[in-house]
Every structure is written in C-alpha cells, then in structure tokens.
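All remarks here apply to the structure that follows.
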Amino acid sequence: MEIGCKTGDILKARVDALMVNLFQGVKKPTGATGAVDKALNGVITQLISDGEITGSRGEFTMIHTLGKIAPARVVVLGLGRARGLSGEVVRSAMGEASRSLRKAGVRRITTVLHGAGAGGMAAHDAARAITEGVILGLYTFDKYKKSNRSQRNLAGVTIVERDRSKMLEIRQGVDVGRIVSESVCLARDMVNEPANRMNPSDIGEVAKNIVPDGALDVTVLEKEEMERLGMGALLGVARGSAQPPRFVIMNYRGDPDHPDEVVGLVGKGVTFDTGGISLKPTGGMASMKTDMAGGASVIAAMRAIAMLHPKINVTGLVPAAENMPSSTAQKPGDIVTALNGKTIEVENTDAEGRLLLADALSYGRKMGLKPMIDVATLTGAISNTLGSVCTGGFTNNQPTFNRLLKSAAVTGEKIWQLPMYPEYRTQNRSEVADVKNTGGRTAGSITAAWFLAEFSENTPWVHLDIAGTARAESSKGYLVKGASGTPVRTLVQFVLDSARR
Ligand code: BES
Ligand code: MN
Ligand code: ZN
C-alpha cells in the first residue's frame with residue numbers, strides 16, 4: 001500500500017476515484033466537496049435534497065463522473081456532525097470505505113484531508129487517522145488460502161492538499177500512522193496464526209527479528225534460566241506441554257541520560273490455553289489461540305516505539321507458555337513459588353495467565369520498571385461485564401491510570417475502569433499458601449486483578465483485561481473480523497505522551 005501526499009487540483013488527477021466528505025446537516029457543500037459538486041452539475045446537492053446522502057458517519061456514496069472530471073469516480077464520505085468529529089471518526093470511516101473501494105475494484109484514489117478544514121483537526125492528526133484507517137481496514141489474513149485469494153486491492157492513496165506549507169506535517173502524520181498501524185497488523189498476524197505455528201519459541205523468534213539492527217535489545221530466556229531465576233509460577237504452567245516456555249525481554253533505550261527511569265509493558269503469552277488438567281469444554285476452544293494477544297500487543301508496541309524513537313526508556317516483557325494437560329502437567333491443589341518468593345495454591349489450572357504474569361510482574365519490579373502496564377486475555381468474566389465494546393482496566397495508582405485514559409482518548413481504544421476495593425482481595429486467600437489463583441464465583445475479573453496486584457506490589461501499575469476485545473466478531477470500521485490488535489496503539493501513544501520532548 002502506497003500512501004502519499006501532494007499539492008494540486010483534485011479535479012485534475014487521473015485516478016479511479018476521488019474522495020471528498022460531507023458533514024451531517026449540510027445542504028449545500030462548500031470547499032472541495034463544493035468544487036466537485038459544481039463540476040458535476042450539482043449532483044451532490046441533488047442527492048442531498050433527495051435524501052439519498054445525509055453525511056452520517058461512515059456513509060459511503062460512489063458517483064461515476066462519466067468524463068466530466070479527471071477522476072473516474074467520486075466518493076462522498078459521511079463524517080457525521082462537524083462538532084462530534086474526532087480522529088476516531090475519520091479512522092473508522094476510512095477503514096470501512098477502504099473495504100468498499102476494494103470490493104468495487106478501485107486501485108488508486110486521491111483524497112482530501114478528511115477532518116482538517118471544517119473539521120478543525122491538525123493536518124498531522126488527520127493524515128495519521130486516514131493512514132491508520134486504510135491500513136487497518138484493509139488488513140487480511142489469508143496466507144493459508146491458496147485459492148480464492150482476492151487479487152483486487154486498493155494499492156495507492158494520495159492525500160491532496162492545496163496548502164503547500166502543510167506538506168511536511170502531512171507526511172509526518174502518514175509516517176507515524178503507517179508505523180503504528182503496521183505494528184497493529186503484526187500483532188493481528190501473531191494472534192491469527194494458529195497455535196501450531198505460534199508457540200512460545202516462535203514468539204521468541206518474532207521478538208528477536210521484529211526490528212533490524214539493534215534498535216531494540218532483545219533477550220529470550222529459556223527454561224534453565226527461568227529455573228535459575230525462580231519463575232516457579234510460569235514453569236508450573238509450562239510443565240504440561242512438550243513446547244518449552246520462553247521469557248522475552250525487549251529493551252528500548254531512548255533516554256540514556258535517565259537510565260533508571262524505565263516504563264514496563266508486560267503481556268500474557270499463552271500460545272494455547274486448553275485449561276490444563278482443569279480442562280476447558282470443547283466448544284470454542286479453538287479461539288484459545290488468542291490467549292497470547294497481550295504478549296503480541298507488547299511485542300508490536302515495542303516495534304513501533306523502536307521505529308518512532310521517542311526520548312524515553314521502555315522494557316517489554318512477555319512470558320510465553322502453552323497450557324496443556326498431560327502426565328507432567330501441574331494439578332489442582334499444587335503449590336508453586338513465584339519469583340518474588342510468594343507461594344501460590346493452584347486451585348484451578350485454567351487460571352494460568354495470572355501465574356505467568358505473577359513472575360513477569362515480579363521480574364519487572366525487580367528491574368525497577370515504573371510504571372508497569374500489563375495486557376492480558378485474563379478472564380472470561382470481563383466479556384460478561386463489558387462485552388467486546390471496551391477493555392477492562394484496573395490500577396493501584398489512579399494518576400497513572402488517568403494518563404493512560406488520556407492516551408486512549410487519542411487512539412479511540414475504549415477502556416473502562418473497574419474497582420479494586422480491598423474487600424475483593426480476601427477472595428484470593430488460601431488456607432495453605434500465601435495466595436490462591438482463583439477468587440470464587442463472583443467478581444472474577446477483579447479478583448484476577450487483585451491476584452496480579454500481589455506481584456506488582458507498590459509499583460504504579462495498570463492491568464488491562466482484553467479477553468473481550470482481543471477479537472472482533474465482525475468487520476466494522478477499521479476492525480477486521482479476527483484479531484483486533486488492541487491495545488497496541490494505546491500502549492504506543494502512552495509511551496509517546498510520557499516521553500521527554
Ligand atoms: N484465557 C482465559 C480467559 C479467556 C476466556 C479469554 C475467554 C478469552 C475468552 C483464562 O486463562 C481463563 O481460563 N480464565 C478462567 C479463570 C477461572 C478459571 C478463574 C475463566 O475466565 O474462566
Ligand atoms: Mn485459562
Ligand atoms: Zn488463558
């Protein structure tokens with residue numbers, strides 16, 4: 001996909017389609033849309049007065065120009081009410097529109113800078129939102145389908161802007177949007193890969209090869225090293241599988257003057273979750289290849305960060321294992337010792353993600369990472385609570401959480417905070433160990449968060465439960481059915497927003 005920008009007259013470019021936009025409530029378009037309308041003898045105004053175009057969010061109308069102007073078609077993209085405009089609206093409308101264009105066999109388009117102009121967005125942000133919408137919306141995962149693979153694709157998008165002085169800003173917005181959304185696609189690829197092609201060793205390999213030549217310092221620990229460090233909780237989960245575990249450490253050092261200030265990103269990397277001896281029911285188990293989505297999002301975010309080189313230090317940690325039942329598997333009732341010395345009663349081997357994270361958060365704390373943000377497909381309960389609309393958020397430090405929410409408002413990825421009242425903590429009490437890995441029938445996502453809190457201790461920490469949002473059930477906006485790649489963009493944005501300038 002080529003995404004570029006140039007100055008010039010939108011009516012003169014010989015392309016398959018020219019995209020302009022319309023706000024809801026506008027009866028007589030002005031600006032670029034007005035110029036197109038005029039050149040096409042008022043067809044857009046006519047469509048509006050006939051009620052066929054309303055300008056509602058994501059509305060897509062294609063008009064053939066029959067030689068009246070150079071572009072073969074004009075697309076009028078609805079952006080909703082001008083006052084409600086945001087990067088998310090542009091990104092979403094552009095994602096949906098890109099798929100419609102692909103379906104119509106359109107290969108090359110020019111587009112105006114949706115959201116700038118009357119929308120009031122900065123040129124950089126508008127260009128970034130357009131780029132992200134196109135790349136994310138056109139994502140496909142069809143590498144294993146030899147037949148029926150669609151040859152048609154949108155191949156070129158050129159943003160046309162009259163004001164030459166905005167070119168640099170637009171180009172930078174496109175670059176950032178490209179790096180970030182290609183990283184999201186990488187996370188989607190990792191999650192969409194089946195578990196036989198994305199095991200813990202594969203995760204380690206992907207992490208090592210994610211960026212060329214030393215932009216990241218990546219170390220992948222193997223089982224013996226984990227034993228030496230005392231990662232008993234992670235190793236307990238890995239015991240049931242013939243696939244050895246891995247522990248990925250990715251260091252980005254963008255602020256060498258402050259070597260002790262390092263942000264930590266931690267992602268659950270369970271490459272397949274059968275439940276272990278506490279075996280899951282058959283129905284839908286195939287979707288448990290998604291259980292490394294948190295880890296994938298951290299690896300992908302580290303790639304984007306390394307390529308954007310902000311002035312900040314970040315370490316990504318991904319504990320990776322496969323949760324299998326076997327004669328060597330851990331059993332309900334087993335007691336394991338985590339890296340920080342706390343003992344854990346494994347009441348249910350299906351609550352394995354928190355065991356991996358117990359060691360990873362302990363490790364991060366030992367390294368002095370601050371704050372730590374973990375991402376995990378941790379509990380089925382979070383989808384009962386929040387569905388697939390938003391990610392569940394938890395914290396022991398409200399200011400850090402608030403900062404993350406600010407970054408999430410930029411990316412449009414929704415996060416809703418759930419409470420961590422100390423009363424919930426008691427549900428994880430064990431008769432025989434320091435803590436138990438299950439908290440009973442009620443408030444399952446909160447007790448899981450409290451379990452993690454035992455290992456982040458007093459380090460400022462945020463936990464994101466993406467069990468409901470890691471997968472999209474259908475294609476909508478810039479989401480494509482399958483892995484969503486959430487919350488890569490928010491992790492990256494948080495790091496950019498936290499960096500020194
Ligand atoms: N990976 C699952 C959570 C999950 C469920 C993710 C559905 C995506 C969709 C996690 O390891 C798990 O099995 N959690 C258990 C915890 C329980 C045993 C305390 C759950 O949610 O049932
Ligand atoms: Mn599980
Ligand atoms: Zn799991």
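The values are calculated or read from the model by the stated rules, or taken from the named source; none is laboratory data. Everything numeric here is computed off the predicted structure, so don't read it as measured data. Note that each Cβ is placed from the backbone with ideal geometry, even for glycine, and that neighbours are counted across all protein chains shown. Remember, those area values only see protein heavy atoms, side chains included, never the ligands or the DNA or RNA. Shrake-Rupley method; radii C 1.70, N 1.55, O 1.52, S 1.80 Å.
A few comments on the model shown:
- Cβ pairs under 7 Å, 6+ apart, first in region 255-283 and touching a residue at least 12 places away in the same chain (Cβ under 8 Å) and open to solvent by 60 Å² or more (accessible area, probe 1.4 Å), second within 16 Å of ligand 3 (Cβ to nearest atom) and not in a strand (DSSP E or B): 277/325; 277/329; 277/332; 277/349; 279/325
- Of all the numbered requirements in (1) of a type outside the set (Val, Ile, Thr); (2) surrounded by fewer than 19 Cβ atoms within 10 Å (Cβ to Cβ); (3) touching a residue at least 60 places away in the same chain (Cβ under 8 Å); (4) out of contact with any Pro (no Cβ under 8 Å at 6 or more places or on another chain), residue 236 misses one, and that requirement is (2).
- Selection within region 298-334 - among the small types (Gly, Ala, Ser), outside any loop (DSSP other than H, G, I, E, B) and either within 16 Å of ligand 3 (Cβ to nearest atom) or within 26 Å of residue 433 (Cα to Cα) (or both): 320, 321
- Some residue of region 218-226 being away from ligand 1 (no atom under 16 Å from the Cβ), open to solvent by 30 Å² or more (accessible area, probe 1.4 Å) and closer than 24 Å to residue 345 by Cβ: yes
- Taking the numbered list (1) aliphatic (A, V, I, L, M); (2) open to solvent by 70 Å² or more (accessible area, probe 1.4 Å); (3) under 30 Å from residue 25 (Cα atoms) in turn, residue 168 passes all entries but (3).
Rundown of residues vs (1) away from ligand 1 (no atom under 14 Å from the Cβ); (2) part of a strand (DSSP E or B); (3) modelled with pLDDT under 95, yes/no style:
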position	(1), (2), (3)
234	no, no, no
237	no, no, no
241	yes, no, no
251	yes, yes, no
260	yes, no, no
277	no, no, no
287	no, no, no
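- Listed conditions (1) touching a strand residue (DSSP E or B) at 6+ places or on another chain (Cβ under 8 Å); (2) under 19 Å from residue 234 (Cα atoms); (3) outside any helix (DSSP H, G or I); (4) away from ligand 3 (no atom under 11 Å from the Cβ) are all met by residue 270, apart from (4).
- Filter pass, residue 290 being without any contact (Cβ under 8 Å) to a residue 60 or more places away in the chain and within 10 Å of ligand 3 (Cβ to nearest atom): no
- Of the criteria (1) touching a residue at least 12 places away in the same chain (Cβ under 8 Å); (2) among the acidic types (Asp, Glu); (3) under 20 Å from residue 491 (Cα atoms), which one residue 175 fails: (1)
Residues checked against (1) modelled with pLDDT under 95; (2) among the polar types (S, T, N, Q); (3) closer than 14 Å to residue 291 by Cβ:
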| position | (1), (2), (3) |
| --- | --- |
| 309 | no, no, no |
| 321 | no, no, yes |
| 328 | no, yes, no |
| 333 | no, no, no |
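Let's see how each residue does on (1) closer than 26 Å to residue 131 by Cα; (2) touching a His at 6+ places or on another chain (Cβ under 8 Å); (3) aliphatic (A, V, I, L, M):
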{"position": "13", "(1), (2), (3)": "yes, no, yes"}
{"position": "24", "(1), (2), (3)": "yes, no, no"}
{"position": "27", "(1), (2), (3)": "no, no, no"}
{"position": "33", "(1), (2), (3)": "yes, no, no"}
{"position": "36", "(1), (2), (3)": "yes, no, yes"}
{"position": "48", "(1), (2), (3)": "no, no, yes"}
{"position": "64", "(1), (2), (3)": "yes, no, no"}
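- Of all the numbered requirements in (1) β-branched (Val, Ile, Thr); (2) buried (at least 20 other Cβ atoms within 10 Å of the Cβ); (3) free of Cβ contacts under 8 Å to residues at least 40 places away in the same chain, residue 160 misses one, and that requirement is (3).
- Residues being under 28 Å from the mean Cα position of the chain (by Cα) and within 15 Å of residue 324 (Cβ to Cβ) - total across region 236-272: 9
- Region 294-323: number of residues that are open to solvent by 10 Å² or more (accessible area, probe 1.4 Å) and within 16 Å of ligand 2 (Cβ to nearest atom): 1
- Of all residues making up region 389-408, the number that are closer than 21 Å to residue 92 by Cα, out of contact with any helix residue (DSSP H, G or I) (no Cβ under 9 Å at 6 or more places or on another chain) and open to solvent by less than 80 Å² (accessible area, probe 1.4 Å): 2
- Residue list for region 414-436, restricted to those being open to solvent by less than 40 Å² (accessible area, probe 1.4 Å) and aliphatic (A, V, I, L, M): 415, 418, 420, 433, 435
- Going through (1) away from ligand 3 (no atom under 16 Å from the Cβ); (2) open to solvent by less than 10 Å² (accessible area, probe 1.4 Å) one by one, residue 375 falls short only on (1).
- Filter pass, residue 457 being buried (at least 21 other Cβ atoms within 10 Å of the Cβ) and under 26 Å from residue 364 (Cβ atoms): no
- Failed item, numbered, when residue 348 is tested on (1) within 15 Å of ligand 1 (Cβ to nearest atom); (2) more than 32 Å from the chain's Cα centre (by Cα): (2)
- Taken together, the criteria place residue 464 among residues that are assigned to a strand (DSSP E or B), in contact (Cβ under 8 Å) with a residue 60 or more places away in the chain, closer than 20 Å to residue 401 by Cα and open to solvent by less than 10 Å² (accessible area, probe 1.4 Å).
- Selected residue (criterion: nearest to ligand 3 (Cβ to nearest atom)) from residues of region 340-363 that are open to solvent by less than 30 Å² (accessible area, probe 1.4 Å) and either polar (S, T, N, Q) or part of a loop (DSSP other than H, G, I, E, B) (or both): 352
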